[in-house]
Amino acid sequence: MTHVVTLNAGSSSLKFGLFTLQSDDPVAICTGVVDRIGSEEAHIGAKTSDGRVLGGAVPEGIPDHLEAMNHVLDLLAQQFPGAEIVAVGHRIVHGGPDRDRPILLTPDSLQALEGLSPFAPLHQPYNLQGVRAAIRRFPDAAQVACFDTAFHRSHPWVNDTFALPPEYYEMGVRRYGFHGLSYEYIANHLAKTAPLLHGGRVIVAHLGNGASMCGMINGRSVGSSMGFTALDGLPMGTRCGQLDPGVVLYLMEQKGMSAEEITELLYRKSGLLGLSGLSNDMRTLEQVGTGAARRAISYFNFRARRELGALAAVLGGLDAVVFTGGIGENSVLVRERICGSMGWLGIELDHDANTDHARIISTPLSRVQVMVIPTNEELVIARAAARFVYPEMYQGQLDTAAPDIA
Ligand code: AMP
């Protein structure tokens, strides 16, 4: 039976999946994650579709992504010895200004993607390391790149640019937007389960350790909170979210901080962790309930409400809000705080449904429907990879007319 492997490399983690191509949609038979790559506390955790738990601590540590990839591929080969891998799908954070869909990787396209590493130095090199390891391991399989930026290429120019002279736009200083695979999953899910809403104005709140929002019309992105890098927009686990660029100048000029120190501050020491001084983890902050933890949660919710209102204005109104990501899917408190005061926008939260983690958490009379939909980026990658091998079997993303927004 033919299979697809999915690989999704973060700065210190590697998510993976093994899918069979036996029906009209790829089916996951094993998904997992390698955590804490680069430390001596590395850990592999995986679950199979028949309920087996695989992996465990790796006492000798995992020094880098290449090694992590080898551990994953060894584990899959051991557990699923008969699996014929026909394609490997890779999450690649940056596709540049023009790539609006997955591509089949060739030596030339791989080199072109390497040229984008300066735009995403904390992610792109690891993503491409994964590609090289997979090519070595599966030289005959199709290697498919799925870009986090691709879903947002339908942005109108006003949401793609900064107010800088045009030469900066031309050199690639643009609002790319990220989390595109998650938004694509939600858009396709809505198309199948709620076609009327899919055709309308929807804001998707992907709230996890990384967090962003995307405004869609007709299933296409018209605006998102993330910009040139995955730092902008909402505060995150350890990233600051929107920040006056004057702060960076001040830290450099007046406080003598280096680019490296500021990078460390903005990417790894800010957000929920920075504000609380305690943890980047929303569940932990909700449980401890100290003053600093409460303030961090308040700031997160405040910025989320602000971004929701701003995107509703961009969309010219609102028909649905979708919560997804670890926080969006699980935090009753965060959903309550974001939606509780949004009556002016037509959102009426059903508090019981929210507490029960129902799929629809707005009241029947709410003008805006509020939903919770678990995201599945791995499935989006597996579908894309499968399409390159069996184009007639695995249809493309439902294509809809690009919205016309000035
Ligand atoms: P993700 O990056 O999408 O895996 O999401 C991770 C975030 O989801 C972390 O901040 C977790 O604390 C948060 N999270 C997961 N489960 C819950 C929960 N039950 N309540 C609050 N936050 C949660």
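The values are calculated or read from the model by the stated rules, or taken from the named source; none is laboratory data. Computed from a predicted model, the values in this text were never measured in an experiment. Here the Cβ positions follow ideal geometry from the backbone for every residue, glycine too, while neighbour counts run over all protein chains shown. Only protein heavy atoms, including side chains, enter the accessible area calculation; ligands, DNA and RNA are left aside. Shrake-Rupley method; radii C 1.70, N 1.55, O 1.52, S 1.80 Å.
A Cβ distance below 6 Å, combined with a sequence gap of six or more or placement on separate chains, defines the contacts here; from segment 280-298, residues that are near the ligand (Cβ under 9 Å from one of its atoms) and part of a loop (DSSP other than H, G, I, E, B) reach residues that are of a type outside the set (S, T, Y) and open to solvent by 30 Å² or more (accessible area, probe 1.4 Å) in the pairs N280/L273.
Taking segment 311-346 as the range and being part of a helix (DSSP H, G or I), without any contact (Cβ under 8 Å) to a residue 12 or more places away in the chain and either within 13 Å of S366 (Cα to Cα) or within 8 Å of the ligand (Cβ to nearest atom) (or both) as the test, the residues that pass are G343, W344.
Quick check: is even one residue across segment 104-125 assigned to a loop (DSSP other than H, G, I, E, B), at negative phi, touching a Lys or Arg at 6+ places or on another chain (Cβ under 6 Å) and touching a residue at least 24 places away in the same chain (Cβ under 8 Å)? Walk me through it before giving the result.
Here is the first cut: in segment 104-125, the ones assigned to a loop (DSSP other than H, G, I, E, B) are 105-106, 115-116, 120-123.
Those still in the list that are at negative phi too: 105-106, 115-116, 120-123.
Then drop every residue that is not touching a Lys or Arg at 6+ places or on another chain (Cβ under 6 Å), which leaves none.
No, that holds for no residue.
The set of residues in segment 213-232 being farther than 13 Å from A310 by Cβ, in a strand (DSSP E or B) and touching a strand residue (DSSP E or B) at 6+ places or on another chain (Cβ under 9 Å) consists of M216, I217, S221. No other residue among G271, G219, G227 is in contact with a Lys or Arg (Cβ under 6 Å, 6 or more places away or on another chain), open to solvent by less than 20 Å² (accessible area, probe 1.4 Å) and more than 16 Å from the ligand (Cβ to nearest atom) apart from G227. Of the residues making up segment 185-209, those that are within 16 Å of the ligand (Cβ to nearest atom) and surrounded by fewer than 23 Cβ atoms within 10 Å (Cβ to Cβ) are G208, N209. Which residues, taken from segment 44-75, are more than 24 Å from Q124 (Cβ to Cβ), more than 22 Å from the chain's Cα centre (by Cα) and open to solvent by 30 Å² or more (accessible area, probe 1.4 Å)? S49, D50, G51, R52, V53, G55, A57, P59, E60, D74, listed by residue number. Scanning segment 140-147 finds no residues that are closer than 30 Å to E307 by Cβ and exposed (fewer than 15 other Cβ atoms within 10 Å of the Cβ). From the list Q242, Q254, the lone residue that is more than 16 Å from the ligand (Cβ to nearest atom), within 24 Å of A163 (Cβ to Cβ) and among the polar types (S, T, N, Q) is Q242. Against the test of being without any contact (Cβ under 8 Å) to a residue 60 or more places away in the chain and closer than 21 Å to Y185 by Cα, the options G32, G17, G89 yield a single qualifying residue, G32.
Applying the condition of being in a helix (DSSP H, G or I), within 21 Å of the chain's Cα centre (by Cα) and not small (G, A, S) to segment 265-279 and asking which residue is nearest to V332 (Cα to Cα) yields L272.
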